[in-house]
Amino acid sequence: MFKILIVEDDENKLNDIHSLFQSEVNLKIPLDAIDFARSYNSALVKLKENEYRVCILDMSLFTYDNNDPRGGGKRRPFGGREILRKANRLKLNTSFIVLSQFESFGEEGEELSWDELVKQLHDRYGRIFKDMVFYSASSSDWKRDIIRFLKEFFR
Amino acid sequence: MSQKRKKNQQKRKKQYDGKATLIKNKLAQNQGLPYNLFKKWTPAELYSALEKSLTKEYFEGFFQCSYTGQSIRKLGKNRSFIPISDSHDLSLICVILKLYLPELERFESYYSSFQTSYIHGEHEKCLSALNLCNDELGYSKWLLSNEFLVIQNTKGLEKQKLLLKDLKSDQLVDFRVKSLSFFYSLKVENEISWDRYFNNYLRESIEVSKKRNQLSSSTILFYELNIGNSKSFLKKDLQAYLDQERDFSVYDLYLAFIKISLITLTKFPGSKLHKDIKQLLSVVSKHFSYNSFLYRLSILYKVSFYTMTETDEALLKSLDQYTEGNYKKTSIENTYLSNCAVHLESFELTARSMRWEKESPSIVNSINHSINSLIRKDKKLLNSYDSLLKESLKNLNTGLSYKILSLISRESGEYNTNDFIYYDLASFIFTGSFNPRILSHHNSIRIDKCSLTKFRNSTTYNLFLEHSLKDNSDVAQNIPKYRILKYKALNFFRCSKFKEAKYLFLDSLNLSRTVDRYSLLKNLAICHIKLGELNECTQLIVSECIDNEELISTFPIPLLVKHLSISDLQYSEAEAINVAILFDYYLKYFSSSKDIEENRAFAFEDFLEGSDTKRPSQIDYKKLQTEKPKLVYFLYNICTPDIMDVSVHFDTPESLLEERIKVLSVLSTINPNKEQFYRNEIQELTFDLIVDKKIVDTELGQVRINKSGVVSDISKAISDDYRRIISLKSVKHYQDDELIQYVLELMQPDNETNSLTKEILQKAKDSFLFGINGLDVNLSVDIRHGTLENILKRSLKEYKLMVLFNGEIPDFSEIDLDYLDSHQKTIFCKALTKLSSKVNLLVRYLLRKVVRAVDKSVSSNGYIYINSGSLDIIRVRNLLQSAEDLDKASNILIDYFWTKVEPCLESIRDKLNIDISNSISTVFHSTIKDLESRPELTGIKQINSLKLAHTKLSDDIKRASRWFNKASIKEVDDFDVKLASEIARRTIQNYDPTLNSINVKTSSSTKNKIAGSDLKSLTSIFEIAYTNAIQHSGLSPNEVCIDLSYKREEQFLKLKVRNNLASNTNYNELKIKIEKIKQKIGEEGNTLSIRSEKGSGIPKAFNIIKNQLRKSGEINFYIDKGEFVLELSLGVTYV
């Protein structure tokens, strides 16, 4: 059975993604094929331990799961990119889609626009990075994009 | 001379005479210079015509220019000269220079004598040179700049600034002189480094001026060439720039002409401008003496002959000794040293020959030390580098400055760059020091016959001629083998034959015993990079720098890092340690970059993988082949929590701290010399771990009662009823299936046991929920009072999105409105006002209607309640039967109440996690949707902030919901006061993201520990004290300095918390306020406002002393020496 990993630390966004999979029965993806990770660390652990066909990835992540009262450790503005880099180094065959609600990334020192980041990810990790989708809680365009990708992928 | 040539000459003379007459006539008619008539003339033709037309007197009389003898007020005010075109302008300037030749010669003699006196630290002589120059020749920019330098050196910063102030306030001084003075003053200040001057001040000023369009490009060029280090100009600005320079003195014009000519020579060789200047120099230089700047310039332009001077000869002899490897004979005669110290050659030679000569006085000495360190790359290298740059800055655009910059460029390996050539040539012009090296980048200089003979006998000179490096040449026989190899390698290097160069550099290194080693290593490193041998290069650099980090600036680390980043390789253990260290050097000394931080972390991981371990502390270091210094560096600088968190083998921040402690223990073993140093860090980290753990404990449950207090309160309240129940022996224990029977029994009015149980339940419940030690009081202090509100608003505050309200009026002072126009601001503020109001409403709802204990029979405003219906009475009655005494009965009741409260807490958690969370999401989504739908707000960063704030707020709601658990009663270890203070400090920071740091300085004479049961209360008191200092000092949080001192007096802990106050504090008002609070505490005493959340700040602390610590205590607060002081005497349990 193929598996999908969703790496997301925003509760609201995570609920939306989960609902998408629940509602899109046409995708024929059983819900138990979907794994979740809330942080950079837990995503890497899961990626190393399992074979995922697809990973839907957030860009800005905390280092550790935030449900730990000690907090999520350091915030990684490019946590998603770090995961991509590691996956690339580990020669994983997972296909990654970045799902982000922001139009620009990073902070002082390294700020990238949407297009710059997409280009960088394609250039560096083109083997595993497939696309970046804009998430908006008030729009359903992102759902259409994700479904289209998954349909193509699992065709 | 042939007839034809003679005729031509006569013809040209006639032409010039005609042109000169034409110019004279035009000038006499006051029509300015007739550009249209001579635009096709060559600069030399115009020069000749003008030279005939203008005399100094005529020139000054007609143009009313006073190029000499100016006062500071006249400087910059020669406005009447009409510009023509750039090249022709240079002709005019050359005529002016020629006209003022005697004055310029005098000026040069003052210039040289100032320079020599300065370097010998003879400030009086410097001053005298400046004064004489002023008296005789008048003011110039050069003089003004050096006046600042001398005053700074002799009278200090204050006097120097006074001069600046005087100039600034003088209405008659030209504005450009004022602007220049600001920078003249700045560059001589001891605290202003080269980088700071150029990056923080000059560049920023110029950028701001450009943005505001305040200055024309020619004016910017004027400043860049005068107070900057610019070696470039745009041709279109040149004329206007020279036009500005003509407003000043002839001496400034002279220096500007030389600078422009030198830039042209190095940057634009072969250009039309280059040819024009060459033409002009060929006619004007013959009037100037051999030692003049202009003549030296003409040598470089190859229109005059170079003649060797005695000092040049002395230098050449020493250089030859050095080239031939006779290092003990390289010292130059004393006369050279005293007259030509500014050449710096003797210091350089001494250092390169690995000798050390007796110390010379003052500035010479300091420069000498720095050069020595720069060349030998010792442990003071970076300091020396900075101090040389500072000296160069102080003397910016003078011979000494160019000399220093030339040396630094060579030591940085920047040969053959335009900058280096510029510095080398400029130092020749302004100091007269002729190093045969100049020939290597300017090899067709015309040398007179006699000098050429001397040069031909010089090994150094011949070394610069490529053919001399052939093995069988005479020159090669005289020069040590390693130097021949080095120069051969350099030749290959320059031709990009890196493989050949690499082997020659390696051979040379094997033989070299001098300080040349570092330049060889640097070039070898570049060869490695060019050949793609990145690991070899990394190994080379790290091995050299590990013992002396000062060497880092010597190597091409940025270039190597760039190549390593592109390749993104996986490394073996031995490679990874080098790569990790190299990336760390880069981040520490060059630039910070997320990408390189990732690279460093991945190299750390590669090292672990290569060592087949999960954690650095697990590695068997005895088996490692790595050299100890590298290992120590790696463990100390790379194995830090911030870097180690890349590894999946750590799953919490705590595990990182624990690993760091283990790493430090390993370090103590392998590097015992620094054991104490590591031990100190272990101590700090252990303390951090304890603090974190305490904060985590609090996070997991904040709902509590003061159990011993509640037990005592219940015991008192139910004492009579309980004794009566005990005396009634007919109490029956009912099973659950007998409940109906019991209810019937209960309904009988004469059943005393039942009515007593009901009484007990009611009274105990009151004590548990609402008593002074009860749950609601603690809920008020720990959660309701500010804490919950803070956590629910902190994300909005952090991203500067929280609108404050003064009554109904919104206050946008805390909102980030950067880069928004007024229309965008209006829309954005309106949306945020709505958002903030809704968040406020939700918070208020939580505080008033949810997070409260309540008696349901009286009110429904609260989620925590305990029923006391029939079934509850029977359960309590049953429970009480197992109690052996009153205290146990109270404890049983408390446990029972907790079982009743737990579901209430669960409903609060649900309320937060579901209802509140959904409401918040709805509010945010509608705000974001609204803002995103407006095209005029497209791309504003504030929408991103809103999304981030929403994510964070969702997490914070979840975090807050966890507080609504019963606080675990753990055995708290006995503690030091510092622990409570630190927990408080960090807790405040956790809840208020705007506080970067809270400065608390602690001093104490006591080391007694306090019982763990007092930790919570003491922490709360510190939280109140520090929050009070931050909120009421009138200062920004970072400016607040808190001094905490404490001591033990018998069983009392005496605390004194002092904090500074803003300078505009109204002390009278503050004193009145303090008196009012004192009065309030006195009046309300024990019951002070605790039930109504009115007790804030100090009154709240007072409550904690009275009610939570339940010991006697005192509180006092007052103003002392302009500071607020809070004194507390707390009855704590010492152990």
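Listing for the model above:
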| read-out | value |
| --- | --- |
| Test: residue in the range B:600-615 that is under 17 Å from B:E575 (Cβ atoms), open to solvent by less than 30 Å² (accessible area, probe 1.4 Å), small (G, A, S) and away from chain A (no Cβ under 13 Å) | yes |
| Qualifying residue in the range B:482-505 (condition: touching a residue at least 40 places away in the same chain (Cβ under 8 Å), surrounded by 15 or more Cβ atoms within 10 Å (Cβ to Cβ) and touching a Gly at 6+ places or on another chain (Cβ under 9 Å)) | yes |
| Any hit, the range B:817-837, residues being within 25 Å of B:D955 (Cα to Cα), under 38 Å from the mean Cα position of the chain (by Cα), among the acidic types (D, E) and open to solvent by 20 Å² or more (accessible area, probe 1.4 Å) | no |
| Single residue of B:P653, B:P672 found to be on the phi < 0 side of the Ramachandran plot and exposed (fewer than 15 other Cβ atoms within 10 Å of the Cβ) | B:P672 |
| Residue list for the range B:412-436, filter: open to solvent by 30 Å² or more (accessible area, probe 1.4 Å) and modelled with pLDDT under 80 | B:E414, B:Y415, B:N416, B:T417, B:N418 |
| Some residue of the range A:98-112 being over 22 Å from B:K952 (Cβ atoms), modelled with pLDDT of 90 or more and either open to solvent by 40 Å² or more (accessible area, probe 1.4 Å) or away from every other protein chain (no Cβ under 14 Å) (or both) | no |
| Of residues in the range A:115-133 being under 30 Å from B:S926 (Cβ atoms) and in contact with a Phe, Trp or Tyr (Cβ under 6 Å, 6 or more places away or on another chain), the one nearest to the other protein chains (Cβ to nearest Cβ) | A:L117 |
| Yes/no for B:F897 being touching a His at 6+ places or on another chain (Cβ under 7 Å), at pLDDT 90 or above and in a helix (DSSP H, G or I) | no |
| Extreme residue, farthest from the other protein chains (Cβ to nearest Cβ), among residues of the range B:627-648 that are surrounded by fewer than 17 Cβ atoms within 10 Å (Cβ to Cβ) and in a loop (DSSP other than H, G, I, E, B) | B:E627 |
| Complete set of residues in the range B:830-886 that are at pLDDT below 85, more than 25 Å from B:L788 (Cβ to Cβ) and assigned to a loop (DSSP other than H, G, I, E, B) | B:S857, B:S868, B:G869, B:Q881, B:S882, B:A883, B:E884 |
| Hey, B:N78 surrounded by 17 or more Cβ atoms within 10 Å (Cβ to Cβ), free of Cβ contacts under 8 Å to residues at least 12 places away in the same chain and either in a helix (DSSP H, G or I) or more than 38 Å from the chain's Cα centre (by Cα) (or both) or not | no |
| In the range B:246-263, the residues that are over 37 Å from the mean Cα position of the chain (by Cα) and within 23 Å of B:E45 (Cα to Cα) | B:R246, B:V250, B:L253, B:Y254, B:F257, B:I258, B:S261 |
| Set B:K278, B:K317: member being open to solvent by 50 Å² or more (accessible area, probe 1.4 Å), more than 28 Å from B:L388 (Cα to Cα) and assigned to a helix (DSSP H, G or I) | B:K278 |
| Meets criteria (surrounded by fewer than 16 Cβ atoms within 10 Å (Cβ to Cβ) and either away from chain A (no Cβ under 14 Å) or not polar (S, T, N, Q) (or both)) for B:S870 | yes |
| Residue, nearest to the chain's Cα centre (by Cα), within the range A:73-97, restricted to residues that are at pLDDT below 90 and at the interface with another protein chain (Cβ under 8 Å from one of its Cβ atoms) | A:P77 |
| Close pairs from the range B:924-944: first more than 9 Å from every other protein chain (Cβ to nearest Cβ) and in contact (Cβ under 8 Å) with a residue 12 or more places away in the chain, partner polar (S, T, N, Q) and in a helix (DSSP H, G or I), Cβ under 7 Å, at least 6 apart | B:E936/B:Q824; B:L937/B:Q824; B:I940/B:Q824 |
| Residue count for the range B:897-923, restricted to those that are within 13 Å of chain A (Cβ to nearest Cβ) and open to solvent by less than 30 Å² (accessible area, probe 1.4 Å) | 6 |
| Per-region count, the range A:4-51, residues within 14 Å of another protein chain (Cβ to nearest Cβ), in a loop (DSSP other than H, G, I, E, B) and not hydroxyl-bearing (S, T, Y) | 5 |
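The values are calculated or read from the model by the stated rules, or taken from the named source; none is laboratory data. Just so it is clear, the structure is predicted and the values come from calculations on it, not from any experiment. Note that each Cβ is placed from the backbone with ideal geometry, even for glycine, and that neighbours are counted across all protein chains shown. These accessible areas exclude ligands, DNA and RNA; they are computed on the full protein's heavy atoms, side chains included. Shrake-Rupley method; radii C 1.70, N 1.55, O 1.52, S 1.80 Å.
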